[in-house]
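The values are calculated or read from the model by the stated rules, or taken from the named source; none is laboratory data. Only a predicted model underlies this, so the values are computations on that prediction, with no experimental measurement involved. Backbone-built Cβ (ideal geometry, glycine too); neighbour counts: all protein chains shown. Side chains are part of the model used for accessible areas, which takes the heavy atoms of the whole protein and leaves out ligands, DNA and RNA. Shrake-Rupley method; radii C 1.70, N 1.55, O 1.52, S 1.80 Å.
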Amino acid sequence: MSFNLELTSPPLMAILSSLIIWTIGALLSFVIKGRLIHQFFAAILFAGAFLLGIAVVLFFQHNSFSLDFLSGFYFALAPLSLHLDALNCFFLGILSVTICLLSISLPKYLHYYKERFNAGIYWHCLFAFILSLVFTLLSVNAICFLIFWEIMSLTVMMLIASDHIRQRAKHAALSYLAMTIISSVLITGAFLIYYFHYKSWNFSDWTSAGSLLMPALLLFFGLGVKCGIWPFQIWMAHAQSEAPAPVTALMSAVMKKVSIYAIIRLLIINNDSGVVLAYVILAFGTVSLVWGSLFALLERDLKRLLSFSTVENIGLILIALGLCLMARHLHCWDLANLALTAALFHSFSHALSKTGLFIGANGIEAVTYTRDLSFLGGLAGKMPWTTACFLINSMAIIALPPASGFASKWMIYQGLFQLATSHAQVVDRSIALIIVGIMSFAGALALACYTKAIGICFLGRSRSDVAGRAGELLKTSMAAQFVAASASLILGVCAPYIVRLFQPVCLIVLPKGADLHSVVALPLFTTVLLSLIFVGSVLVLLNKLSLRPRARLKKYITWDCGYGDLPARAEETGASFSESIARIFAPILQYRMITEIQGKDRRHFPEVIKFETVTSPLLEEGLYRPTLKIIQILSRGIAALQTGSIHLYLVYVFITLVVLVSIGIRL
Amino acid sequence: MSEFFLTTGKWLSFGLFIFFLPPLMVGVLTKCKARLQNRIGAPIFQPFYDLGKLWRKGETVSQTTSWIFRGTAAINFSVMLVISMLLPWLSFKPYFAHADLILVIYLFALTRFFSVLAALDAGSAFGGFGASREVTLAMLVEPAIMLCLASLGCLYSTTDLNTIFTYDRVCTATQSALWLLAGTGLFLSSLVELSRMPIDDPTTHLELTMIHEAMILENSGPNLALTEFTHYLKMAVMWGLSAQCFLHALCYFVTINEFGRSLASLIMLLVVLIIVALIEGTAVKLQWKKVPEFIAFAIAMSLLCVFVVIAKS
């Protein structure tokens, strides 16, 4: 066994020590039991993530070099070797920030599960999951990548199933497993084709891997299953809503980004002739964007809503990546750099604000024991800080200025705009403008979705007793949300300066860099300052007015057109809020409304009025169920061979022998 | 130094327009409508009196509301002020750097975000209705506004509104046609955004059918005055923008100097107001299910804009 290690380089030391800390955590989780187990392991998790964060910062300070870690240990065909450069270091940064935030808020939430799962196994799988994430990012060759990718998938499956008392968790784990297998098959196929073409397992030898169309498409769809592009997103809604606390956020914020990393690493790097691939990525990105935001709007489960909105954001990132490929093909280096930066920036800002939102949603679940929007409401008075943070994080997700989501979305718009005015073909330019229209449409849908989430969950009156009795979250969860929210504000306002930090990453992917500072002259600084001054002065004015003796501020029940003190049941519900949009998209959402009126004279004197809205998932009913049926019918035919009769089996053995012997004689 | 005084003077006079033009426009609009119906109508300064009365009154707030409810008026007013400084809705608007069209559209979205939340905050059923309809309309109309402005931007290869809406260049026939199309698209979308006829009847008293009015049902006193003024300002800005588009379309036929342009943009605004009054005087409020069909016209206009731009270059 030979090691080729630069132990003197501080970033590598930090990364190694964080890996060691997590490994120790994983080992200890077999041994340690007790009341404070969650606090203990959360601390270990935090320590590792913090070290990793330091490593990333150190790496970018001395940037523009790469580190290799080679060992003589072989995974059958290729050595276990790791490689650190600006690209995967950036994604390690996302990982470390997310885990830091999550680990702070974790212990309180896990307490909610109490006896429902085995804490030891849970922590063991969680550490294994995170370690495999890191190793997948660092892998140099296809074999390493596949092995860690599989470990990652399996540990996630275990984690989803850890709350296995519930039937829904079992279903979620199974559907996740099925999708994982599809993904692995596609990726393995692509890797094999690449191996036969390049005669090497190393990613670095696969120059212009994206130009081979067949394996590139296989790889894209294989990775797409994992990051939940349309039509493969069906596992996400189940898995993400059933998985315990940090796993949901980790899946949404980090695991999907690992797929994005792999897409960049394998398909975008060195790819000069990937126009078809660019079209495919743009098409699937756009469909995912619309599909995700549409289905998120209809959800009544807070966590499912958030996970559908992840589909939407992945769509946005893919649009940016498709744009980058397109620009490469046209040799517009400014545009390619802009699009790639937009994709990276959006990955980061989405990870940040989604983590914040998931911490908020998990906190609500832990306090009220429900995630169903129709039982929540009126939490703003009880948990003001959580409300404010949730609000800002939602603003970041729906790209409202000045939050960070706006900066990245602005860059994507700007990129599409530049493509539309470039020397590209008519088709490409019109595609760019049409996508601009679709993005603004999906943006408005996302706004509807998050106003629904905030409005129904936090505002108005409580729709149930538990929501009425809720209190503020623990200080630690609040701190984590607060950090996420304020970081996204800072990122958004200072975007032109932060964009520069992405340059080393862009230089790895693209042959030519560009100074984006001039392109991204985001006007937010003045605008934000101006509006803040205005808001402050108006608030002061309003309060002055209400302090005057004659015109006091009176508190009274909600007026509601004079109906008086209506119960909370009369309020707008999540279903009624999204009804008017759902009606427009009824064919896609399979949305139906069933009204049932009973009584002797039903028209004039109804006794019982039953009213129900039904939606059925179009993809599951229309695509997956028929496919499953066909497979079942086929497998029934195969099952007929296996009757259980020993005589028949002996006949099989005999026939096989005869065939083999006759082949042998021929040879 | 004289440069500085000139700029300050420009901003001061523009500030007067920001604060006095919107209520005046509403007054003119109601006057026009009244004259169309053979009534004398309220004086054109009535909106000022109304706002003043509301400003002096006391305020009643629902017990269920949170800080969002009272903060919304302040936030929306401020954001709308910023928008009115960014958007070139009058030809004599002083120069304000970084007037990016994507930023402006998302600032509009920001005001919508807060007004929808404020409508849901009191927990009233009517506020919820209004909010639900508002987001639906926004979803339908957003692509139309975005594509109209984006195709104008494509024409001049920039997203900076100052550059797009500058007058110092020659206008060709195609460009003039594009300006006309974009102006029409923006005008149709503004009717939806501002919840005017035929989408929503601002003068109705049936809360069940309202959109904007239903959302601000719980506001009162100074809060309501501020919210109403913000809405007036939004009207002025959006109609001013389509008036500017029409003016640019006219540039193909006549060339006028700067002073004439300032006058012309006010006259064009008046023309737009009269068109709105005509529509409101003659059209019937559309059934809610028919509204998407109306918005389809706006979207069709914006798609035509896209076609013209792509085909031209």
Looking at B:Ser91, is it more than 30 Å from A:Ser404 (Cα to Cα) and either touching a residue at least 12 places away in the same chain (Cβ under 8 Å) or surrounded by 21 or more Cβ atoms within 10 Å (Cβ to Cβ) (or both)?
yes
For A:Glu579, state whether it is surrounded by 11 or more Cβ atoms within 10 Å (Cβ to Cβ), part of a loop (DSSP other than H, G, I, E, B) and not hydrophobic (A, V, I, L, M, F, W, C).
no
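A quick yes/no check of all residues on (1) in contact (Cβ under 8 Å) with a residue 40 or more places away in the chain; (2) under 30 Å from A:Ile454 (Cα atoms):
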site: B:Gly27; (1), (2): no, no
site: B:Cys32; (1), (2): yes, no
site: B:Pro43; (1), (2): no, no
site: B:Thr60; (1), (2): yes, yes
site: B:Asp100; (1), (2): yes, yes
site: B:Ala109; (1), (2): no, yes
site: B:Gly123; (1), (2): yes, yes
Here the residues within region A:590-609 that are part of a loop (DSSP other than H, G, I, E, B) and open to solvent by 100 Å² or more (accessible area, probe 1.4 Å) are A:Lys600, A:Arg602, A:Arg603, A:His604, A:Phe605, A:Glu607
Of the conditions (1) β-branched (Val, Ile, Thr); (2) more than 9 Å from every other protein chain (Cβ to nearest Cβ); (3) under 30 Å from A:Gly468 (Cα atoms), A:Thr387 fails just one. Which one is it?
(2)
So, of the residues in region A:556-576 that are assigned to a helix (DSSP H, G or I) and small (Gly, Ala, Ser), which turns out to be nearest to the other protein chains (Cβ to nearest Cβ)?
A:Ala570
Of the residues in region B:283-295, those that are in contact (Cβ under 8 Å) with a residue 60 or more places away in the chain, away from chain A (no Cβ under 11 Å) and open to solvent by 60 Å² or more (accessible area, probe 1.4 Å) come to B:Val284, B:Lys285
So B:Asn223 passes all but one of these: (1) closer than 13 Å to B:Ser91 by Cβ; (2) outside any loop (DSSP other than H, G, I, E, B). Which condition number does it fail?
(1)
Of all residues in region A:157-201, which are farther than 30 Å from A:Ile121 by Cα, open to solvent by 50 Å² or more (accessible area, probe 1.4 Å) and not in a helix (DSSP H, G or I)?
A:Lys199
May I ask you to list the residues in region B:62-79 that are without any contact (Cβ under 8 Å) to a residue 24 or more places away in the chain and either within 14 Å of B:Thr227 (Cα to Cα) or assigned to a helix (DSSP H, G or I) (or both)?
B:Trp67, B:Ser78
Looking at B:Tyr49, is it without any contact (Cβ under 8 Å) to a residue 24 or more places away in the chain, under 30 Å from B:Leu152 (Cα atoms) and outside any loop (DSSP other than H, G, I, E, B)?
no
Is one or more of the residues making up region B:156-163 open to solvent by less than 20 Å² (accessible area, probe 1.4 Å), within 12 Å of chain A (Cβ to nearest Cβ) and of a type in the set (Val, Ile, Thr)?
yes
Just checking, how many residues over region B:55-110 are facing chain A (nearest Cβ under 7 Å) and of a type in the set (Phe, Trp, Tyr)?
2
Against the definition (part of a helix (DSSP H, G or I), without any contact (Cβ under 8 Å) to a residue 12 or more places away in the chain, within 27 Å of A:Ser394 (Cβ to Cβ) and within 12 Å of chain A (Cβ to nearest Cβ)), how does B:Leu137 come out, yes or no?
no
Within region B:17-42, how many residues are open to solvent by 100 Å² or more (accessible area, probe 1.4 Å) and either touching a strand residue (DSSP E or B) at 6+ places or on another chain (Cβ under 8 Å) or of a type outside the set (Val, Ile, Thr) (or both)?
4
Residues being open to solvent by 10 Å² or more (accessible area, probe 1.4 Å) and either without any contact (Cβ under 8 Å) to a residue 40 or more places away in the chain or within 26 Å of A:Phe390 (Cβ to Cβ) (or both) - total across region A:418-430:
6
Mind checking whether some residue in region A:632-639 is modelled with pLDDT under 85, in contact with a helix residue (DSSP H, G or I) (Cβ under 9 Å, 6 or more places away or on another chain) and either loosely packed, with under 10 Cβ neighbours inside 10 Å or of a type outside the set (Val, Ile, Thr) (or both)?
no
Return yes or no: is A:Gly622 closer than 25 Å to A:Gln590 by Cβ and within 44 Å of the chain's Cα centre (by Cα)?
yes
Candidates B:Ala277, B:Ala264, B:Ala298 - the one that is under 18 Å from B:Arg35 (Cβ atoms), surrounded by 14 or more Cβ atoms within 10 Å (Cβ to Cβ) and either away from chain A (no Cβ under 11 Å) or modelled with pLDDT under 90 (or both)
B:Ala277
Check whether at least one residue in region A:70-93 is open to solvent by 50 Å² or more (accessible area, probe 1.4 Å), of a type outside the set (Phe, Trp, Tyr), in contact with a strand residue (DSSP E or B) (Cβ under 7 Å, 6 or more places away or on another chain) and assigned to a loop (DSSP other than H, G, I, E, B), and report yes or no.
no
Go through (1) open to solvent by 30 Å² or more (accessible area, probe 1.4 Å); (2) more than 24 Å from the chain's Cα centre (by Cα); (3) of a type outside the set (A, V, I, L, M, F, W, C) and name the single condition A:Asn141 misses.
(1)
Pairs please, first residue from region A:109-130 and outside any helix (DSSP H, G or I), second anywhere and at pLDDT below 85 and surrounded by 16 or more Cβ atoms within 10 Å (Cβ to Cβ), Cβ atoms under 6 Å, 6+ apart in sequence or on different chains.
A:Tyr112/A:Ala366; A:Phe117/A:Ser162; A:Phe117/A:Asp163
For region A:610-662, which positions are of a type outside the set (A, V, I, L, M), part of a helix (DSSP H, G or I) and within 22 Å of A:Phe295 (Cβ to Cβ)?
A:Glu620, A:Glu621, A:Gly622, A:Tyr624, A:Arg625, A:Pro626, A:Thr627
Verdict on A:Leu507 being open to solvent by 30 Å² or more (accessible area, probe 1.4 Å), farther than 30 Å from B:Ala125 by Cβ, within 14 Å of chain B (Cβ to nearest Cβ) and at pLDDT 80 or above
no
Checking B:Glu213 against (1) more than 21 Å from B:Ala283 (Cβ to Cβ); (2) more than 9 Å from chain A (Cβ to nearest Cβ); (3) of a type in the set (D, E, K, R), which test does it fail?
(1)
Which is at pLDDT below 80 and crowded, with 18+ Cβ neighbours inside 10 Å, of A:Asp515, A:Asp565, A:Asp560?
A:Asp560
What's the number of the condition A:Phe611 fails, among (1) more than 23 Å from A:Ala446 (Cβ to Cβ); (2) within 14 Å of chain B (Cβ to nearest Cβ)?
(2)
One residue from B:Leu233, B:Leu303, B:Leu269 being more than 14 Å from chain A (Cβ to nearest Cβ) and assigned to a helix (DSSP H, G or I):
B:Leu269
